[in-house]
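Encoded as structure tokens, the structure appears first; notes follow it.
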Amino acid sequence: MPQYWLMKSEPDVFSIDDLRQRPGATERWDGVRNYQARNFLRDQMKVGDRAFFYHSSCDVPGIVGEMSISCAAYPDPTAADPNSPYFDPKQNAAAPRWYAVDVKFESKFESPVTLRELKAHPELAEMQLLARGNRLSIMPVTEVQWRFIQALRKREKLKLQA
DNA sequence: GCCAACGTTGGC
DNA sequence: GCCAACGTTGGC
């Protein structure tokens, strides 16, 4: 059984369209510098898992598409790259601290399921994304939440056609 | 731009 | 181990 995730990115830095346009529609998800997010990524993400792509710190924050995990965790090369904004001077090649996975574009929602809309549904009240003060960039989504959001997405589509 | 919330750092 | 200071996230 696949697991479900939500992964945040600032669209100014890396957006769902950027992912779609990458060769093979695949890209390394690197730069994660939070231990809790790192642990999810390193210890639990498996090839074939599904993830929502979330746009944060932008005009309309929300879920904009869907991707899959195409390569399980490996040491994040940006941690050892002095030219990378994600360079970690305390990194140690013998005991890597930070990890990356590869993600593959699956689909872009015709209309995003916005943060505002997620908050409006009591069924999603337990989402970690909506927890007070939550700042995690990678977090699990339950299967029930996943399905509910997929249903919302279809409703958004109908609304567009109406 | 503001600010609440949270994680990390470092002195003690 | 405590905790103040600081930096970052991210919605508004």
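The values are calculated or read from the model by the stated rules, or taken from the named source; none is laboratory data. No experiment lies behind these values; they were computed from the predicted model shown. For neighbour counting, all protein chains shown are included, and Cβ atoms are generated from backbone atoms with ideal geometry for every residue, glycine included. Only protein heavy atoms, including side chains, enter the accessible area calculation; ligands, DNA and RNA are left aside. Shrake-Rupley method; radii C 1.70, N 1.55, O 1.52, S 1.80 Å.
Annotations for the structure displayed:
- Charge tally in the Cβ shell below 11 Å around A:LYS108, where Lys, Arg are +1 and Asp, Glu are -1, A:LYS108 excluded: -2
- For chain A, the solvent-accessible area of protein heavy atoms averages 55 Å² per residue (probe radius 1.4 Å; ligands and nucleic acids excluded).
- The stretch A:4-161, accessible surface, carbon-and-sulfur percent (1.4 angstrom probe): 49
- Semi-axis lengths, Å, the stretch A:4-161, gyration tensor of Cα atoms, sqrt of 5 times eigenvalues: 28, 17, 14
- Loop-located trypsin sites (Lys or Arg not before Pro) in the stretch A:71-108 (DSSP state other than H, G, I, E, B) with a sparse environment of at most 13 neighbouring Cβ atoms within 10 Å: A:LYS90.
- Distance from the stretch A:59-92 to the stretch A:1-54 (C-alpha centre basis), Å: 8
- Proximal charge balance of A:LYS46 [Cβ under 15 Å; K/R count +1, D/E count -1]: -1
- Between 0 and 90°, nearest 10: helix A:143-161 axis offset from chain A longest Cα axis: 60
- The residues neighbouring A:GLU10, those whose beta-carbon lies less than 12 Å from its own, together hold a net charge of -2 under the Lys/Arg +1, Asp/Glu -1 convention.
- Residue (of A:GLY24, A:GLY65, A:MET1) at the positive-pole extreme of the stretch A:1-103, dipole from beta-carbon charges: A:MET1
- Relative contact order of chain A, pairs being alpha-carbon contacts under 8 Å that are 6 or more residues apart, as %: 29
- Only Lys, Arg (+1) and Asp, Glu (-1) charged, at Cβ; chain A dipole about Cα centre in debye: 320
- Estimated from the Cβ-Cβ distance and a Förster radius of 30 angstrom, the FRET efficiency linking A:PHE87 and A:ARG20 is about 0.60.
- Only lysine pairs 8 or more places apart or on separate chains count here, and in chain A those with Cα atoms under 15 Å apart total 5.
- Stretched out straight at 0.36 nm per residue, the stretch from A:ALA151 to A:ARG135 would grow longer than its current Cα-Cα span by 3.2 nm.
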